[in-house]
Amino acid sequence: MAFVQNFPFMSIILSLFSGPLCSILNGKWARRVNIAVITLVGLMSAAVLRFVSDTGEAFVYRMGHFPAPWGNEIRVGLLEAFLAVFFCIIMLLCMLGGARERETELEDSKQNLYYVMVNLLLCSLLALVYTNDLFTAYVFVEINTISACGLIMIKQNGRTMEASVRYMIMSLLGSGLFLLGICFLYDLTGHLLMSNIKEQVQLLAATGNYHIPLVVALGLMSVGLAIKSALYPFHAWLPDAYGYSTLSSAAILSSLVSKGYIFLLIKIFYRVIGFDIVGESKVIHVLFVFGIIGMLMGSLSAMKENDILRMIAYSSVAQIGYIYMGFGLGTTEGAIASIYHVVSHSASKSLLFVAASGLMDASADSTRFKDMTASGYRNKLAGVAFTVGSLAMVGMPIFSGFISKLLFSQAAIGHTYKMLPTLIALAISTILNAAYFMRTLIRIYTPIRADIKAKEGRVITLGEKPAKSVALVCFIILNLILGLNSDPIINLIQRGLGMFD
């Protein structure tokens, strides 16, 4: 076995044990450890991605080299390695972009605790990406939930406490349904390893035995993960959780946490049940309907907001709807479009939150639209960055969102029943996206009139918050890469899905 094949397990362990280490350090050293761990894990994941790309085959790592059921497994393919690298890049940029806000918004005694939660969150995301065992996935789903809740409530004001309680209640409901689904599958198959479960499920499907319990198990797991990833109408916790937490927390929650659950659902569809069986079960049609509704209702809710952070949060509801709509098409092309949108949305949404923070810096820390008039002039880089993120969300050419919507449209063409609803929903949602994002852009680039009283803002220079400036530039470049050089990523996703079989 090549040494690089140990890196996925080492990445999970390194992230896991760096959490307790940060708890005994002061905030300054905990931050350094956190940045070092994210960087090192990203480099190791890049080495794994190169290795899998060269070999063209997925590999399985048995912890302790013990086979199931005594040992546990992680499985690494092209798609898993790519998402591990991408998640590390996004998390690193989110941490850099919100560095100054964490110092001012969090008490000194809680600085190190914040990095404990971030390291545990990274560990859980890597485990969800790599795990080959359903019960292990459930364990890290819970670690992910607790870590995310800690990131929300660490400011400890009334808003964040309420948001964290609401988030915890909804997440635990989703976790409970997911665990029930696992119990049903274990009872039906006698296995917890994904590959072993799939073999038994294929036999059950071929013989027609236990069809209803199998559909119930799939439905429970799908609904549980849909709740946790904020698919409409299970999104009630999301606006407050994103809108009132720290900048880094909002950016990480919106771009990474929900994507970990979505990727786990992808693995269940392909590596546990089998995508052909999922399509025949009709569960996929339910996800399609709720995805379409989420695309429209999330956008309508965003249009009603006068708070920039809550507007971006409601936009996430719509974008999650896109992802589930793609899976709901029941085709490989739809799945590819959804996975690409996971990547596109992660890069664009975190950019929007960091850019919005820069506009707030220039607007006396206000999140209200009326106070952000001309803020794009007072913080030029944040204005440009928010423009790029907005155009990406709308789906303008050269930006990442355009590729996503193009892939969704191509995947829908020729579908007997779902082509027309998909294309209509894409068109309406795009118009609504343009309405509320263009309204915001017009606001931040409208000069302040002398006869209108507004909060006094100030000019923000590039050197005033260098870490945030670097993060914004990197996010802009990342969005342009995804929009202008999408073919290699699409090919990688196709090859990664092929390795799932």
query: Which residues, counting only those in segment 87-105, are assigned to a helix (DSSP H, G or I) and over 15 Å from LYS28 (Cβ atoms)?
result: PHE87, CYS88, ILE89, ILE90, MET91, LEU92, LEU93, CYS94, LEU96, GLY97, GLU101, GLU105
task: Name every residue in segment 68-104 that is over 24 Å from the mean Cα position of the chain (by Cα) and farther than 20 Å from SER11 by Cα, in order of residue number.
output: ALA68, PRO69, TRP70, GLU103, THR104
Test result for VAL343, among the β-branched types (Val, Ile, Thr), at pLDDT 90 or above, assigned to a helix (DSSP H, G or I) and open to solvent by less than 10 Å² (accessible area, probe 1.4 Å): yes
field: Elements of type helices (runs of 4 or more DSSP H) contained in segment 106-201, each with 2 or more residues being within 26 Å of PHE82 (Cβ to Cβ) and touching a Ser or Thr at 6+ places or on another chain (Cβ under 6 Å)
entry: 111-130, 134-153
- request: Only one of these is touching a strand residue (DSSP E or B) at 6+ places or on another chain (Cβ under 7 Å) and β-branched (Val, Ile, Thr): VAL37, VAL41, VAL52, VAL4. Name it.
  value: VAL52
- line: Across (1) in a loop (DSSP other than H, G, I, E, B); (2) open to solvent by 10 Å² or more (accessible area, probe 1.4 Å), GLY219 clears everything bar (1)
- prompt: Which residue pairs have Cβ atoms closer than 6 Å, lie 6 or more positions apart in sequence or on different chains, and pair a first residue in segment 395-423 that is farther than 16 Å from GLN319 by Cβ and outside any helix (DSSP H, G or I) with a second residue that is open to solvent by less than 50 Å² (accessible area, probe 1.4 Å) and small (Gly, Ala, Ser)?
  reply: ILE398/GLY483
task: Please go through segment 36-62 and pick out each residue that is among the polar types (S, T, N, Q), open to solvent by 40 Å² or more (accessible area, probe 1.4 Å) and more than 17 Å from PHE17 (Cβ to Cβ).
output: SER53, THR55
- request: Just need a number here: residues in segment 94-110 that are farther than 20 Å from ASP365 by Cβ and open to solvent by less than 20 Å² (accessible area, probe 1.4 Å).
  value: 1
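Each row is one residue, and each column tells you yes or no for (1) more than 29 Å from GLY19 (Cβ to Cβ); (2) open to solvent by 10 Å² or more (accessible area, probe 1.4 Å).
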| residue | (1), (2) |
| --- | --- |
| PHE135 | no, yes |
| VAL141 | no, no |
| LEU172 | no, yes |
| ALA206 | yes, yes |
message: Criterion first (open to solvent by less than 10 Å² (accessible area, probe 1.4 Å) and modelled with pLDDT under 85) does VAL278 satisfy it?
response: yes
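Here is a yes/no grid of residues against (1) closer than 23 Å to ILE490 by Cβ; (2) open to solvent by less than 10 Å² (accessible area, probe 1.4 Å):
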position	(1), (2)
VAL286	no, no
GLY294	no, yes
GLY298	no, yes
GLU305	no, no
MET311	no, yes
SER315	no, yes
ILE336	yes, no
LEU351	yes, yes
MET372	no, yes
- line: With criteria (1) among the small types (Gly, Ala, Ser); (2) farther than 23 Å from SER255 by Cα; (3) touching a residue at least 40 places away in the same chain (Cβ under 8 Å), SER109 comes up short on (3)
- request: Look through ALA337, ALA302 and report the one residue that is within 17 Å of GLY279 (Cβ to Cβ) and in contact with a Phe, Trp or Tyr (Cβ under 6 Å, 6 or more places away or on another chain).
  value: ALA337
field: Complete set of residues in segment 143-170 that are surrounded by fewer than 17 Cβ atoms within 10 Å (Cβ to Cβ), of a type outside the set (Val, Ile, Thr) and free of Cβ contacts under 8 Å to residues at least 60 places away in the same chain
entry: GLN156, GLY158, MET161
field: Output for segment 374-397, where each listed residue is under 27 Å from GLY326 (Cβ atoms) and open to solvent by 10 Å² or more (accessible area, probe 1.4 Å)
entry: THR387, VAL388, LEU391, VAL394, GLY395, MET396, PRO397
- prompt: Tally time: how many residues in segment 241-275 are charged (D, E, K, R) and either open to solvent by less than 10 Å² (accessible area, probe 1.4 Å) or under 17 Å from the mean Cα position of the chain (by Cα) (or both)?
  reply: 2
task: Could you check how many residues of segment 38-63 are in contact with a helix residue (DSSP H, G or I) (Cβ under 6 Å, 6 or more places away or on another chain) and farther than 17 Å from LEU83 by Cα?
output: 1
statement: ARG495 passes all but one of the listed conditions (1) open to solvent by 70 Å² or more (accessible area, probe 1.4 Å); (2) more than 30 Å from ARG271 (Cβ to Cβ); the exception is number (2)
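The values are calculated or read from the model by the stated rules, or taken from the named source; none is laboratory data. Nothing here was measured: the structure is a model prediction, and the numbers come from that model. Cβ atoms come from the backbone with ideal geometry, glycine included; neighbour counts cover every protein chain shown. All accessible areas refer to the heavy atoms of the entire protein, side chains included, with ligands and DNA or RNA removed. Shrake-Rupley method; radii C 1.70, N 1.55, O 1.52, S 1.80 Å.
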